[in-house]
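So the structure is just underneath, and the comments pick up after that.
The values are calculated or read from the model by the stated rules, or taken from the named source; none is laboratory data. Because the structure is predicted, anything quoted here is derived from the model rather than measured. Here the Cβ positions follow ideal geometry from the backbone for every residue, glycine too, while neighbour counts run over all protein chains shown.
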Amino acid sequence: MRRPTARRLAAPLLALGLLLPGLAACSEEPGDIVVYSGRNEKLVKPLIEKMEKQLGVKIDVRYGDGAELAAQILEEGDKTKAALFFSQDAGALGALSKEGRLAPLPQATLDQVAPSYRGAAGDWVGVSGRVRVLAYNPAKVPTPPVTVHDLVKPEWKGKIGYAPNNASFQAFVTGMRVLEGDDATRTWLKGFKANAPKAYDKNTEILAAVDKGQISLGLINHYYWYEKAAEEGEGKLKAKLQFLPNGDPGGLVNVAGVGLLKGKTAKESELAQKAADYLLSKDAQTYFAEETKEYPLAAGVAPEKGLPALDSLQAPKIDLGKLDSLKETLAMLRETGLV
């Protein structure tokens, strides 16, 4: 099961660098290094255990919301226990990079991943990718839209599902702001709101509603469909996916990634670097492809069968580190009544 959606206050607190209580604590027994993980424990714990065995180390992991953990790191400063930040989202890594909290990565590590999926300052790198897509029901939508800009047309009124508090939806809106500007994004959001989209808590709920014909379209990440197909059988799914071409903001490719924290001991930095390199290894990249249904970004590992090649998607060209302006995105979503 995927991780819960980000809390509504996570983005403002990330921007302000405020400490958030209630994050899952690290193990009482000290390990060799501490990792702050914005990725769900059920999703990546098996991978962390494989990493421990491969590297011969004990890793203490603090799991929590990615934005909250980034805020925690900003508050802790040089006193943070974290040696590595494993983020579900490029924006949180971009925020830490902007504040100078991440250490430079070796060029050999960076070169394993295409420049568009790593930090411009060379201090974080993506390890897996996910694509924003339209899920649609062919019985209701014989010819699906090829741009999110069509979703403000009257013909889609009351027929679209979205998850307003989901981190990936908010990252998509942030991406639109970066690509097309605040005024154009605000106009789109107002038109989208006027079309009375149906709000859901989870992307899985959106996909289920599309599959049952309760709505015609839904804004989700690609892997939800592939997970459901693996669980139930592709032939049983009525819902299909539309990948949005031509640099459309609705086709944003975001990444989960890692960054090393500054101010650590030589031993901690060495182990954190080994952990980062492990996440780019064939072993870990195969895990992302087969278990989480995400796009592997390194090691020449192929994505899940049936997924279009990442370089064929015509995704928008964007500095993913600029997805850090979530505070402004959340304010805009509130202003337009979408959250």
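A few comments on the model shown:
- Against the numbered list (1) buried (at least 17 other Cβ atoms within 10 Å of the Cβ); (2) closer than 25 Å to residue 332 by Cα, residue 198 comes up short only at (1).
- Meets criteria (outside the structural domain of residue 116 (by TED's automatic domain parsing), without any contact (Cβ under 8 Å) to a residue 40 or more places away in the chain and touching a helix residue (DSSP H, G or I) at 6+ places or on another chain (Cβ under 6 Å)) for residue 200: yes
- All of (1) farther than 21 Å from residue 104 by Cβ; (2) in contact with a strand residue (DSSP E or B) (Cβ under 9 Å, 6 or more places away or on another chain); (3) touching a residue at least 40 places away in the same chain (Cβ under 8 Å) hold for residue 333 with one exception: (2).
- Residue match in segment 217-226 (condition: loosely packed, with under 14 Cβ neighbours inside 10 Å and in a helix (DSSP H, G or I)): no
- Some residue of segment 155-165 being in the same structural domain as residue 193 (by TED's automatic domain parsing), at pLDDT below 95, of a type outside the set (Lys, Arg) and in a loop (DSSP other than H, G, I, E, B): yes
- Restricting segment 256-277 to residues that are among the basic types (Lys, Arg) and either modelled with pLDDT under 95 or outside any helix (DSSP H, G or I) (or both) leaves a set whose member that is surrounded by the most Cβ atoms within 10 Å (Cβ to Cβ) is 264.
- Residue match in segment 44-56 (condition: part of a strand (DSSP E or B), modelled with pLDDT of 50 or more and assigned by TED's automatic domain parsing to the domain that holds residue 269): no
- Total residues in segment 172-191 satisfying the condition of being within 22 Å of the chain's Cα centre (by Cα) and among the hydroxyl-bearing types (Ser, Thr, Tyr): the figure is 2.
- The sole residue among 89, 182, 111 that is of a type in the set (Asp, Glu), outside the structural domain of residue 222 (by TED's automatic domain parsing) and touching a residue at least 24 places away in the same chain (Cβ under 8 Å) is 89.
Quick grid of which residues meet (1) under 19 Å from residue 171 (Cβ atoms); (2) in contact with an Asp or Glu (Cβ under 6 Å, 6 or more places away or on another chain); (3) assigned by TED's automatic domain parsing to the domain that holds residue 167:
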{"site": "210", "(1), (2), (3)": "no, no, yes"}
{"site": "214", "(1), (2), (3)": "no, no, yes"}
{"site": "223", "(1), (2), (3)": "yes, yes, yes"}
{"site": "229", "(1), (2), (3)": "no, no, yes"}
{"site": "235", "(1), (2), (3)": "no, no, yes"}
{"site": "240", "(1), (2), (3)": "no, no, yes"}
{"site": "243", "(1), (2), (3)": "yes, no, yes"}
{"site": "248", "(1), (2), (3)": "yes, no, yes"}
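- Some residue of segment 103-126 being assigned to a loop (DSSP other than H, G, I, E, B) and under 30 Å from residue 216 (Cβ atoms): no
- Tally, over segment 133-152, of residues that are in contact (Cβ under 8 Å) with a residue 24 or more places away in the chain and out of contact with any Ser or Thr (no Cβ under 7 Å at 6 or more places or on another chain): 13
- Criterion violated by residue 174 - all others in (1) outside any helix (DSSP H, G or I); (2) buried (at least 23 other Cβ atoms within 10 Å of the Cβ) satisfied: (1)
- Under the condition of being touching a residue at least 40 places away in the same chain (Cβ under 8 Å) and surrounded by 15 or more Cβ atoms within 10 Å (Cβ to Cβ), the residues counted in segment 300-317 number 6.
- Qualifying residue in segment 4-23 (condition: in contact with a Phe, Trp or Tyr (Cβ under 7 Å, 6 or more places away or on another chain), outside any strand (DSSP E or B) and either assigned by TED's automatic domain parsing to the domain that holds residue 297 or modelled with pLDDT of 95 or more (or both)): no
- Condition check for residue 292: under 23 Å from residue 172 (Cα atoms) and either surrounded by fewer than 18 Cβ atoms within 10 Å (Cβ to Cβ) or of a type in the set (Val, Ile, Thr) (or both): yes
- Neighbours by Cβ (under 8 Å, 6+ apart or cross-chain): first from segment 213-224, under 15 Å from residue 288 (Cα atoms); second among the basic types (Lys, Arg): 221/130; 221/132; 222/130; 222/132; 222/293; 223/130; 223/293; 224/2
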